[in-house]
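Participant: Sharing a structure here in structure tokens format.
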Amino acid sequence: MNGRTIMTRASALMAVLAFAACDLGGLLDVQNPNDLVEDDIKQEAAAAAVVNGALTLMSSSVSQSWQPYLVASDELRWIGSRDAWLSLDKGFIDDPLNEFIDGPFPSMGQARWMTDLAINTLTEHVGNNPSTAMKFNLARANLYSGIMYMVIGEIQEDFAFSDKTEAAPPVGSENMYKVLDDAIGRLSAAISGFNEVGESGMAMNAMAVRARARHSRAVWDAINPSPSGNGLVNSAEAGADAMAVIAAAGGSDVDWLYNLEYSAASASNSMAGWINDRKENQIDLTLATVDEANDVNGIALRDPIDDVDDPSVIKWLNQWKGGSYLDKGGIYPPLTLASTRMMHIILAENALAGGNDAMFAEHINHIRAMDGLTLFSGQMDSMEMLQHMRRVTVMLQGLRLADMYRWDIGAPKWEGSSDAVKCSGVMLPISIIERRANEHIENAYSVC
């Protein structure tokens with residue numbers, strides 16, 4: 001194996017065994033997991049383990065990959081000693097040599113490869129044994145692969161779908177919308193699969209993620225090849241999914257979340273490790289205040305109508321810190337992928353883009369009601385209201401940089417010569433580890 005960012009057989013098998021060995025029984029009862037070969041995990045008895053391994057790798061990758069994206073935005077900021085984080089904080093995002101762009105890239109390649117392997121493996125199993133359990137695990141595989149493709153499409157400027165030592169050409173920055181389309185296709189397959197076996201809760205999870213992916217697909221169009229217009233998007237398909245999720249969750253005022261979970265039994269949240277434990281980065285000062293030790297000690301962002309500490313910021317920081325935003329926090333907080341709040345903000349934007357002010361206010365106010373805030377009735381400009389509510393509704397969920405681009409919002413530390421300023425819309429590049437191993441990619445390639 002060379003240095004390409006695709007999972008080796010040994011690491012794939014170790015991931016499956018380490019996080020899902022209970023599903024294998026005596027089939028793989030060996031002392032050294034490196035003695036196993038890829039064909040072993042393609043057996044029917046290992047079906048659930050393969051999917052569990054894909055979930056763990058995907059979750060780990062998301063926790064690693066979101067951090068450089070968010071440090072480049074106005075959600076996170078550098079406070080430590082590693083200058084590569086500072087470079088991102090200043091808006092230099094299109095640098096394949098940056099160690100914190102390069103570091104997460106192998107994990108992303110591994111997770112993408114493993115989730116695709118899970119789909120291929122379970123598809124074959126369902127063909128041979130179309131049991132409820134096999135169909136359920138195939139639906140799970142499609143969900144986890146759909147999430148991975150969605151995240152790649154949201155945060156990457158380009159990507160290469162190599163297969164272990166078999167190099168693949170890059171998709172091309174102009175074609176990255178296709179990765180989001182692939183995510184939507186996998187999530188649609190997951191929804192159908194879960195519904196077929198009566199797993200309505202899991203189908204709702206997948207539909208909520210699909211609503212996000214469909215909205216992100218519309219945002220991609222709004223910022224490529226460069227941001228234009230007022231940045232508003234209107235996706236009827238995302239709206240239909242959002243309405244279905246709200247109904248399935250139990251109604252418009254139900255505060256429901258779909259999270260990626262982390263634990264000592266699965267994997268840690270890498271981003272939380274860097275922020276809560278190592279204190280290399282911290283929540284941005286536009287959102288939270290800090291003490292002399294750079295620990296969060298208050299809320300900086302105020303609700304624009306009630307002029308109180310924004311309760312949504314408090315909600316997400318409480319989750320991030322494990323109960324109270326005043327705590328240090330640990331390395332296992334969940335990451336939110338979708339929520340009924342997100343569904344309402346998608347529907348609110350659709351309404352505003354379509355000129356339906358009453359519907360816009362209705363969905364904004366469902367979110368505000370969850371926090372006990374004064375309802376919006378025209379106290380401020382609707383676009384400003386949307387931008388504020390979008391920011392606090394999807395905070396720490398891997399979406400902020402694209403929103404900043406489409407609404408021409410600069411981060412506090414962005415420099416005029418930075419990629420984020422010069423090439424508005426640019427996302428994370430294919431990093432140097434893949435460039436050096438993949439003959440299809442020019443090492444000197446840069447969008448800016």
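The values are calculated or read from the model by the stated rules, or taken from the named source; none is laboratory data. All values derive from a computational prediction rather than experimental measurement. Methodologically, a virtual Cβ is constructed for each residue, glycine included, from the backbone with ideal geometry; neighbour enumeration extends over all protein chains shown.
Participant: Any chance you could count how many residues in segment 412-432 are closer than 27 Å to residue 260 by Cα and aliphatic (A, V, I, L, M)?
Facilitator: Qualifying residue count, segment 412-432: 4.
Participant: Take the residues in segment 80-99 that are touching a Phe, Trp or Tyr at 6+ places or on another chain (Cβ under 6 Å) and not charged (D, E, K, R), then tell me which one is surrounded by the fewest Cβ atoms within 10 Å (Cβ to Cβ).
Facilitator: Taking segment 80-99 first, the residues touching a Phe, Trp or Tyr at 6+ places or on another chain (Cβ under 6 Å) are 84-86, 89, 91.
Next, from what is left, pick out any that are not charged (D, E, K, R): 84-86, 91.
Working: 84: 19, 85: 24, 86: 16, 91: 24.
So, considering only residues that are touching a Phe, Trp or Tyr at 6+ places or on another chain (Cβ under 6 Å) and not charged (D, E, K, R), the one surrounded by the fewest Cβ atoms within 10 Å (Cβ to Cβ) is 86.
Participant: For segment 302-334, give me each residue that is surrounded by 16 or more Cβ atoms within 10 Å (Cβ to Cβ) and aliphatic (A, V, I, L, M).
Facilitator: 305, 313, 314, 317, 331
Participant: Could you check, for segment 436-445, whether at least one of its residues is small (Gly, Ala, Ser) and closer than 18 Å to residue 97 by Cβ?
Facilitator: Narrowing segment 436-445 to residues small (Gly, Ala, Ser): 437, 444.
Within this subset, residues satisfying the condition of being closer than 18 Å to residue 97 by Cβ are 437, 444.
Checking segment 436-445: at least one residue is small (Gly, Ala, Ser) and closer than 18 Å to residue 97 by Cβ.
Participant: If you scan segment 244-285, which residues turn out to be buried (at least 20 other Cβ atoms within 10 Å of the Cβ) and acidic (Asp, Glu)?
Facilitator: Scanning segment 244-285 gives a single hit, 284.
Participant: Considering only residues that are among the charged types (D, E, K, R) and at pLDDT 95 or above, look in segment 41-82 and name the one that is nearest to residue 146 (Cα to Cα). Steps first, answer last, please.
Facilitator: In the first step, residues of segment 41-82 are kept if they are among the charged types (D, E, K, R); the result is 42, 44, 74-75, 77, 82.
Cutting the leftovers down to at pLDDT 95 or above gives us 74-75, 77.
Working: 74: 27, 75: 25, 77: 29 Å.
The residue in question is 75.
Participant: Looking at residue 13 and the list (1) buried (at least 21 other Cβ atoms within 10 Å of the Cβ); (2) in a loop (DSSP other than H, G, I, E, B); (3) at pLDDT below 95, which single condition is not satisfied?
Facilitator: (2)
Participant: Return the residues of segment 296-322 that are in a loop (DSSP other than H, G, I, E, B) and within 16 Å of residue 283 (Cα to Cα); say none if nothing qualifies. Talk me through it step by step, then tell me what you get.
Facilitator: First, pick out the residues of segment 296-322 that are in a loop (DSSP other than H, G, I, E, B): 300-301, 303-308, 310, 322.
Once the filter is applied, which keeps residues that are in a loop (DSSP other than H, G, I, E, B) and within 16 Å of residue 283 (Cα to Cα), segment 296-322 yields 300, 301, 310, 322.
Participant: Would you point out the residue of segment 271-290, among those that are of a type in the set (Gly, Ala, Ser) and outside any strand (DSSP E or B), that is farthest from residue 394 (Cα to Cα)?
Facilitator: Initially, segment 271-290 is screened for residues of a type in the set (Gly, Ala, Ser), giving 272-273, 288.
Still in the running and outside any strand (DSSP E or B): 272-273.
Numbers: 272: 17, 273: 21 Å.
The residue in question is 273.
Participant: Right, something else. Within segment 231-270, how many residues turn out to be in a loop (DSSP other than H, G, I, E, B), over 21 Å from residue 349 (Cα atoms) and touching a residue at least 24 places away in the same chain (Cβ under 8 Å)? Steps first, answer last, please.
Facilitator: Of segment 231-270, the ones in a loop (DSSP other than H, G, I, E, B) are 231-235, 250-256, 261-269.
Restricting the remaining residues to those that are over 21 Å from residue 349 (Cα atoms) gives 250, 261-269.
When the remaining residues are screened for being touching a residue at least 24 places away in the same chain (Cβ under 8 Å), the result is 261-269.
Final tally of qualifying residues: 9.
Participant: Checking residue 293 against (1) in a loop (DSSP other than H, G, I, E, B); (2) under 27 Å from residue 381 (Cβ atoms), only one condition comes out false. Which one?
Facilitator: (2)
Participant: Can you tell me which residues in segment 397-423 are under 25 Å from residue 342 (Cα atoms) and either among the charged types (D, E, K, R) or surrounded by fewer than 17 Cβ atoms within 10 Å (Cβ to Cβ) (or both)? Break it down stepwise before answering.
Facilitator: Let us first name the residues in segment 397-423 that are under 25 Å from residue 342 (Cα atoms), namely 397-411.
Within segment 397-423, 400, 403, 406, 408, 409, 410 qualify.
Residues checked against (1) among the small types (Gly, Ala, Ser); (2) part of a loop (DSSP other than H, G, I, E, B); (3) over 17 Å from residue 71 (Cα atoms); (4) touching a residue at least 60 places away in the same chain (Cβ under 8 Å):
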{"residue": "375", "(1), (2), (3), (4)": "no, yes, yes, no"}
{"residue": "378", "(1), (2), (3), (4)": "yes, yes, yes, no"}
{"residue": "397", "(1), (2), (3), (4)": "no, yes, no, yes"}
{"residue": "414", "(1), (2), (3), (4)": "no, yes, no, yes"}
{"residue": "430", "(1), (2), (3), (4)": "no, yes, yes, yes"}
{"residue": "434", "(1), (2), (3), (4)": "no, no, yes, yes"}
{"residue": "440", "(1), (2), (3), (4)": "no, yes, yes, yes"}
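Participant: Could you tell me whether any residue of segment 335-355 is surrounded by fewer than 17 Cβ atoms within 10 Å (Cβ to Cβ) and either touching a residue at least 24 places away in the same chain (Cβ under 8 Å) or over 14 Å from residue 397 (Cβ atoms) (or both)? Break it down into steps so the answer makes sense when it comes.
Facilitator: At the first step, the residues of segment 335-355 found to be surrounded by fewer than 17 Cβ atoms within 10 Å (Cβ to Cβ) are 354-355.
Subset that is either touching a residue at least 24 places away in the same chain (Cβ under 8 Å) or over 14 Å from residue 397 (Cβ atoms) (or both): 354-355.
Yes: one or more hits.
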